[in-house]
Every structure is written in structure tokens, then in C-alpha cells.
Amino acid sequence: MRETRDKLLAKSTKNGKEVTLQRHLEDTEKAAREVFNLEKRWGKNWCRFFKIYEIAEQERFLLNLRIAALFHDIGKANEDFQTAVSQNGFYQQTIRHEHLSALILHLPEVREWLSENKELDLEIITAAVLSHHIKACDTAEHKFLWMQPKGKFYLTLFDNHNEINKIFDQIKDVAQLSKDLRLNKKLWNKESPWEEAENAGFETAIKFRRGVKPKKDEKRLNLLLAIKAGLIASDAVASGLVREGEYIEDWINEKVHTETIKENEVATAIIDKRAEIIFKDKPVKWNDFQLKSATLGKRALLLAACGAGKTIAAWKWAEAQSQTHEIGKVIFLYPTRGTATEGFKDYVGFAPEAEASLLHGSAKYELEEIRKNPEDEKSDKDYETNARLFALGFWGKKYFSATVDQFLSFLEHSYSSLCLLPVLADSAIIIDEVHSFDKRMFETLVCFLKQFDIPVLCMTATLPTSRKDNLENIGLRVYPNKEEQAELKDLEKSETHPRYNLEIVANQDEAMKIAVEEFSKGKRILWVVNTVKRCQNVAKEFEKQTQIRPLIYHSRFRLKDRKDRHEKTIAAFKQISEAKIAITTQVCEMSLDLDADVLITEIAPIPSLVQRFGRSNRHLEGKTEDFRSRLVAYIPEKDKPYNQKEDLETALAFLKDLPEKDISQRYLAEMLMKHSPEERQQDGDFAPFLSSGYYAVPGNFREIDDFTNPCILWSEDEKKNDLNKAMKCLEAKKLIDAFVISVPKQFVLKEFEKPKGFPKYLNIADARFYDEDFGFMTQLENENE
């Protein structure tokens, strides 16, 4: 047969680089072989992470991964794909190439050929090939072999091309097969043998999904997961490095096969630098609670009061893990972008710039802001990675401060998280503020802890009994236990010291009287409400009564203004010389070092209340023994944003069970455990990554907020028109994160024609509703309340 094409392309030629299909398949196999080299740390840790402990099974993993890598893009040898990558503009293809690759794996002659090697698991190979772009399912848009609406039921194949035959020869060598394979189908259609292969594919997918899942065949499931994720990572390496002109072996040796974290390296890079700030010219003296955290072992749940020094304890634990396990990374995960940024500034950013990383949705913007601040000692450091390598750019980093989504959403088939999975497998992980996880996030956490073998420390100030028991039942050692609490004198003193006096008032008006009175006495007041609108209304009322505009901090500010709100709120509670008041929503609850004299709050679910209380009288230093912060709680006018009225009723019962005077953090924690409603024990088996079998489509890591959209503000007034400013930034290839704001859906300008080049994920909203002090408001100032 005379071939109709001299070359088969694997990628578009738009960037001027030509990559043949043969080269890409060989590069992907090379990346798999080098990244997951079983003689080196990443290969060993990858297998340990997926609980592939036996040497023979590890070798089987790498063999099957290499075969999947050589097969994964075979389906690109077709007329539609080659036309699409050879021309400019969009070209509608008949079938997704990875679906066609999986179908080829179901041809009888291919299966018979591969079946000679009993170490090859053909269903695992097919599953990895089919799902490596995370666009394969048994229903809806990405249904296996779902045809695009072209009205065409055939497709010309180049399956006997010289490049394809060379790949088959390489598969033969890797798998040690005795026979050659040559295909010469020339055409895909809905007839034999393709019809039979398609039916076999569907039927096998159903059986495979039922049989290979948690509690059924754990050993085969582990192999499946390791190969599916390994192929995605290997494909990303082959594609990204070639695009950037990197040599695969050189880059992998530089970024992947780095030295293990050495003894005292964590202390030198981070802990000692933080100690210089905490202790200044005084001798460094960590308390017993922090020092003993190094002895907790591989899995632990650290429960200690706000302000007890948990973060240093966590880094001490990480230092110990680096000495007992061969790892190359430490990852500190936070629930929000703001807390991850603070964690970077206070700890991770002290590491050498080539080793430290901040990783979340607006991290690049935050790093640019750090560099602009000459007072920040990190301003002369460059923490950036090669942005064109996307997730791969972080493979060479050593210390991470990141949002939990960035690393754990691989369980929901997040592509970037899957590309970071080799980094995760080479790490010790700290997961902060686990009390704040919604039910879906917590179930994902349980799934992660049950399924994968990796050093993990979870921590928070308080945790409902059912969640604590859930984590303890899957092997986390709770620290400190009751016996240890009595022995740890510093922690005992901190947690049992009376910090608060509590009063429950009738309503917001009563709370306002207290706020005005305490402000006039020079106190620092933190007022927390449950919705943005009420936050704005309370602030307006306080200003009306005092002619003082309070600090306002919530989620509906432009990012640059929210950053300003964040920094001013922290600064307000660091000083003690003058009265300050900040009115905020739940954004203040986590990891913010706020130390208010008076804490006013709407009643909220119990864990939220305890976290809010922890933002007052947080630091005992410099205060008399008899100082107590004043806690004031009242019932909000509406239940929102909490869906169940029972949550607030339970919280009210909790508050009424507290004494009015001399409340300690320890007592709050005990009452939380007494009053928190029972949650169903999570079994950790639900995650799509575990249960999808042949398939993979992205899911949601969090319970989705469907009420807001990210927007850019538009105005006829050019000074207020962020849209034009953002477009100028885009034209100059600069970030536009500073202008992004979350806006209630009903305020999105749906009929507004977006400019060419405007990001698809963003919408446009009317700037008339925005105020730099109050944020986005759902009423104009001149409208009636």
C-alpha cells in the first residue's frame, strides 16, 4: 500500500514546531520510563503511594505504563486528526482520537497479539489510553465512541503507516512478544470488525467498572490508578518539554531526580527563619507540645487551640518525616487562597526561591505583589516557574503552600492536579483547618487517607466528634490525647486559661449598642456576620451612628481591593493603641492572626463559632491574667447562608450551655463535641478517580456555589471601567487577576458583547454596584432599602 502522507503529526503546527506521531509516542514512553524509574526515589514513592509494594507488581506497573504510553495516541493516525493539526482554525473531527485508540485495542488481532504476555493487563491499558484526556464516559457528551455531528459514518485511517508500524515494533520489543503486528484496515466505519470491537469495548467497560473498585479487587485497582495517572503525567512531560525545546532526560534528571530532603534541611530553610521573627533577640524555646509533634509518626490529627502554635508543630512533624522517609517535598495545604498566601509569607517563602512555591488560582498575582513591596524581605526573590509548562513547572520545587484543591482534586479528575500527583507522592503533607471542609471535601479527604500511602498530618483547633472519630478510625493518631494534655504544661496552660466572657443578646440592634460603646472605650472589635449583604448593612449602620467608617472584609471585592482589606484587617488587630472595628463575613475564620478585644457574631454553626471566638484574646502575652475578651452573640434575621435552621438551633443550644464568665478554649472544644450533630461516617469509596474504571471526566472538589460568577466591572466612566484596563493588560500579556470579582449571577450583564480575546470563564458586571470600601452591593445607594 502506498501511504498518502509522508508524516503523521501528533500536534498542531501553529507554533511552528513539527512533532511526528512516532516521536511523541516514543517520547511519552521515554518520559514514563525515566520519571517512574523503579531504581530511583520518584518511582519507588509512586508505587508506595498506590500501595504497590511487591517488586514483581512494581515491574508490572512500569511495563503496562510503557505499553499504554506507546498506544495512547495511535488513534491520531486518521484523516480528520491529521487535517485538524495541519491547518489553522477549528476542524470538527468525527471521533476523539483517544476513543479510537481504545477501540483499536479492542480489535481481535491486537488483543490476541498482546495477550501473549500474561503480565499485560489489557483492560488497564485500554482504560488509561481511553481516559488520558479526561473526556470519556458512558453517557453524555464524552460518551465512548460518541460521534461528532458531521453526518459522516466513516473515517480514513493510516494504520499501516511506517510510523505506526515502528511503534508496533517497539511495543513488541518492550512487551517481549514473538510476533509482528501490522494493521491495514484503511477505514473506520460502523461495520465489521469495528462494530464487534465497539460492542466488546462497551461490554468490557461495564464489567471492568463493576469488578475493579474499592473493596472488590484492591490490588488491581491500585495498578489501574497508578497507570492511568502515570500516563497523564508522562504525556504531559512529553508534550510540554518538546514544545519548550527541553531535552526530556536532562529535564527529568534536573527536576525529578533531585536529592532527598536532608537532615535539618527543613529546620534551616524554614523553621529557623521563622524563629528569628518569633523570638527576635531572645533564645529560641519551642514548647513541649511543638517539640513532641515530631514523634507522632506517619499519620496524625493535631487538635490544639487557636494560637497554640500548631503551624510550627506541623513543620516539626514534617522535619521528622523527612528524616524517616525518603521524600523530596513538603506540602502545606490550606482551605482558601488567602490562608495559603499567608502560609507562604510566614513560612514557605523563607526557603530558597528555587525551592519555594505558592500554588493557587491567583498565586502569580500574589507573588507579583510581594515583589512590589520593598518592606517584604522576600521582594527580591523570584519564585516563578515556566508558566508554559503549567503544572510541570512546579515539579522541581521543594516546599509548597497551596490550596487543598490544587493537590487533592485529582480524586475528581482535575487534570492539573493529576499532573501534580508525582509531586504529591514524593511528599509529606500537612492539611490545615480540616474543620472547614464541606461534606464533599471531607469525604474526599477520607478517601485520600484510606486509599493512598503517604505521610499526612491533619490539623485544626476543633473538630466535631463524628469527624474526629472518622479520622481516628482510618488510622490517624489523635494528638494530644487526654493523658498527653496533662503532661504538656504549656499547651495545658494555653488551652485551659480563661479567655472569654459571653453574652447572648436579642438582636443586631443590641449588638450595635455594645459595638458603639466598646469602640468609644478604645477597644478593637471584630464583628462577624453570615452574609455579605448584612456585613455591608451593619457597616453602614455603624458609620451612621458614629460617623466612623469601619473596615469591611468579605468575598465580593475585586482581588486587589480584597488584598488591601485583608492586610488592613490584620494590621488593625496587631496594634493596641487605638480603637478599631472590622466587620467581616466568614473570611476571617481561618488562619488569620486576629486578636480582638471584643468579638460580636451572628449565631452560626458551632465549628464556625468556635473559630470566630478564637480570633479574640488570641495571644496571652502582654495581658494581665484576669483579662477576658467580650463575646457577644445574637440570632441573625435570616438563616442564610446556612440551609438548615437546625444548625442555628443547635448552635444556640451550644451557646446557652456555656457559662457567662471565664470560658477557656478547652471548654469550648469539649462543648463542641457534646453539641455537634452526628455525621454519617464516610467510607471513602465514592471518589470518581477510584470508581470510574475505563472512564474519566472532571467532577467538583467542593460543594459548588452556584450563586456567583467571576466578573470584570464595566462602566461608561473610564476611571471606573475595569474592562478596558483588563483588555489593555491582556494585550500587553499582563495579569488581570487584580480586577476579578465574584458577583451574584443576577447581576451579570448577560447581553453585553464581550470584546475579542476576553477570557471565556469571565463575565461582565456593572461597576455602578461597586464601592472600594463596601465591595459589590446588590442595591444602588440611591435605591430604597
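The values are calculated or read from the model by the stated rules, or taken from the named source; none is laboratory data. Keep in mind it's a predicted model, so treat the numbers as computed, not measured. Quick reminder, even Gly has a Cβ in these numbers, built from the backbone with ideal geometry, and neighbours come from all protein chains shown. Heads up: the accessible areas ignore ligands, DNA and RNA and are worked out on the full protein's heavy atoms, side chains in. Shrake-Rupley method; radii C 1.70, N 1.55, O 1.52, S 1.80 Å.
Some points to look at:
- The single condition among (1) under 30 Å from ILE548 (Cβ atoms); (2) within 29 Å of the chain's Cα centre (by Cα); (3) basic (Lys, Arg) that LYS734 does not satisfy is (1).
- Segment 699-719, residues that are exposed (fewer than 15 other Cβ atoms within 10 Å of the Cβ), under 25 Å from TYR761 (Cβ atoms) and touching a residue at least 40 places away in the same chain (Cβ under 8 Å): ASN700, GLU703
- Which listed residue, of SER401, SER409, SER417, is among the small types (Gly, Ala, Ser) and in contact with a strand residue (DSSP E or B) (Cβ under 6 Å, 6 or more places away or on another chain): SER401
- The residues listed here are LYS143, LYS118; of these, the one that is in contact with a strand residue (DSSP E or B) (Cβ under 9 Å, 6 or more places away or on another chain), over 24 Å from LYS14 (Cα atoms) and surrounded by fewer than 19 Cβ atoms within 10 Å (Cβ to Cβ) is LYS143.
- Residue that is buried (at least 16 other Cβ atoms within 10 Å of the Cβ), closer than 27 Å to PHE448 by Cα and either modelled with pLDDT of 95 or more or among the basic types (Lys, Arg) (or both), where the choices are ALA305, ALA300: ALA300
- Within segment 268-291, the set of residues being within 18 Å of TYR347 (Cβ to Cβ), open to solvent by 80 Å² or more (accessible area, probe 1.4 Å) and part of a loop (DSSP other than H, G, I, E, B) comprises LYS280, VAL284.
- Counting only residues that are in a loop (DSSP other than H, G, I, E, B) and open to solvent by less than 10 Å² (accessible area, probe 1.4 Å), segment 121-133 holds 2 of them.
- Within segment 738-770, the set of residues being acidic (Asp, Glu) and at pLDDT below 95 comprises GLU751, GLU753.
- When residues of segment 206-216 are limited to those that are out of contact with any Gly (no Cβ under 6 Å at 6 or more places or on another chain) and at pLDDT 90 or above, the one surrounded by the fewest Cβ atoms within 10 Å (Cβ to Cβ): LYS207
- Wholly within segment 512-584, strands (runs of 3 or more DSSP E) carrying at least 1 residues that are over 14 Å from ILE600 (Cα atoms): 551-553
- One residue alone among ASP235, ASP159 is outside any helix (DSSP H, G or I) and under 27 Å from THR13 (Cβ atoms), and that residue is ASP159.
- Test: residue in segment 83-97 that is basic (Lys, Arg), closer than 23 Å to GLU198 by Cβ and within 30 Å of the chain's Cα centre (by Cα): yes
- Residue in segment 114-134 that is without any contact (Cβ under 8 Å) to a residue 12 or more places away in the chain and of a type in the set (Asp, Glu) present: no
Yes or no, residue by residue, for (1) in a loop (DSSP other than H, G, I, E, B); (2) over 30 Å from the mean Cα position of the chain (by Cα):
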site: THR650; (1), (2): no, yes
site: LEU655; (1), (2): no, yes
site: GLU660; (1), (2): yes, yes
site: LYS674; (1), (2): no, yes
site: GLU679; (1), (2): yes, no
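- Residue in segment 501-520 that is under 22 Å from ASP662 (Cα atoms), among the basic types (Lys, Arg) and out of contact with any Phe, Trp or Tyr (no Cβ under 7 Å at 6 or more places or on another chain) present: no
- Checked against (1) more than 22 Å from the chain's Cα centre (by Cα); (2) closer than 26 Å to ARG612 by Cβ; (3) among the aliphatic types (A, V, I, L, M), ALA486 passes all but a single condition, namely (2).
- Each residue in segment 449-467 was checked for being under 21 Å from TRP315 (Cα atoms) and either hydroxyl-bearing (Ser, Thr, Tyr) or part of a helix (DSSP H, G or I) (or both), and 3 of them qualify.
- Answer residue from segment 398-431, given it is charged (D, E, K, R) and open to solvent by 10 Å² or more (accessible area, probe 1.4 Å) and is nearest to the chain's Cα centre (by Cα) among those: ASP405
- ALA294 vs. criteria open to solvent by 10 Å² or more (accessible area, probe 1.4 Å) and among the small types (Gly, Ala, Ser): yes
- Selection count where residues are open to solvent by less than 30 Å² (accessible area, probe 1.4 Å) and within 23 Å of LYS76 (Cα to Cα), scope segment 171-188: 6
- Among residues that are touching a Lys or Arg at 6+ places or on another chain (Cβ under 6 Å) and assigned to a strand (DSSP E or B), ALA300 is included.
- Of the criteria (1) crowded, with 18+ Cβ neighbours inside 10 Å; (2) in a helix (DSSP H, G or I); (3) of a type in the set (Lys, Arg), which one ARG111 fails: (1)
- Count of residues meeting criterion [under 13 Å from SER692 (Cα atoms) and of a type in the set (Val, Ile, Thr)] in segment 205-252: 2
- Annotation note: Cβ proximity below 6 Å between a residue of segment 727-745 that is at positive phi and a residue that is open to solvent by 60 Å² or more (accessible area, probe 1.4 Å) and part of a strand (DSSP E or B) (sequence gap 6+ or interchain) occurs for no pair.
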